1. So in segment 65-80, with the set limited to residues that are of a type in the set (Gly, Ala, Ser) and within 19 Å of Leu91 (Cβ to Cβ), which one is surrounded by the fewest Cβ atoms within 10 Å (Cβ to Cβ)?
2. Within segment 19-34, track down each residue that is under 22 Å from Arg86 (Cα atoms) and either of a type in the set (Gly, Ala, Ser) or in contact with a Leu (Cβ under 9 Å, 6 or more places away or on another chain) (or both).
3. Restricting to segment 81-97, what's the tally of residues that are acidic (Asp, Glu) and loosely packed, with under 12 Cβ neighbours inside 10 Å?
4. If you check Glu57 against the conditions, is it closer than 27 Å to Gly80 by Cα and acidic (Asp, Glu)?
5. Looking only at segment 17-52, count every residue that is in contact (Cβ under 8 Å) with a residue 12 or more places away in the chain, over 21 Å from Met1 (Cα atoms), surrounded by 11 or more Cβ atoms within 10 Å (Cβ to Cβ) and of a type in the set (Ser, Thr, Tyr) and tell me the total.
6. Inside segment 5-16, can you point out the residues that are closer than 19 Å to Lys68 by Cβ and surrounded by 11 or more Cβ atoms within 10 Å (Cβ to Cβ)?
Amino acid sequence: MRVKSIEVVLRKDGFFYHNGKQIKAVYPREGYAVMLFLDPSQIDVDFGEYTLVLTEEDRKKINELFDKSDEKTYQLRGRGWASGPRPYMKLHEFVER
């Protein structure tokens, strides 16, 4: 598989919103997700299974978009979160505790 695009996609009211479509989300919380959209490639045929090869540029963009996704989710929710693999809180939220 080749990376076609890497995008930040809104999840709200139980749906993802992408390119004018509403796609039902299994995970209902509101926020933004980093999604990789892929194209098949010869390496999938060669390995006999879906095989994703990322470039360093892809990795950098994914990291950059995770940060953007966290900030946009924070703005949407109006607060940070302390759970999950990527907690995200602002300094003033620690001071208020």
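1. In the first step, residues of segment 65-80 are kept if they are of a type in the set (Gly, Ala, Ser); the result is 69, 78, 80.
Those left that are additionally within 19 Å of Leu91 (Cβ to Cβ): 78, 80.
Values: Gly78: 6, Gly80: 15.
Selected residue: Gly78.
2. Ala25, Glu30, Gly31, Tyr32, Ala33, Val34
3. Result for segment 81-97: 1.
4. No; evaluated as a whole, the condition is false for this residue.
5. 1
6. Ile6, Glu7, Val8, Val9, Leu10, Arg11, Lys12, Phe16
Values quoted throughout were computed directly from the atomic coordinates according to the rules given, and no laboratory measurement underlies them. Note that the structure is a prediction, hence the values are computed from the model and not measured. Glycine also receives a Cβ, built like all others from the backbone with ideal geometry; neighbour counts cover every protein chain displayed.
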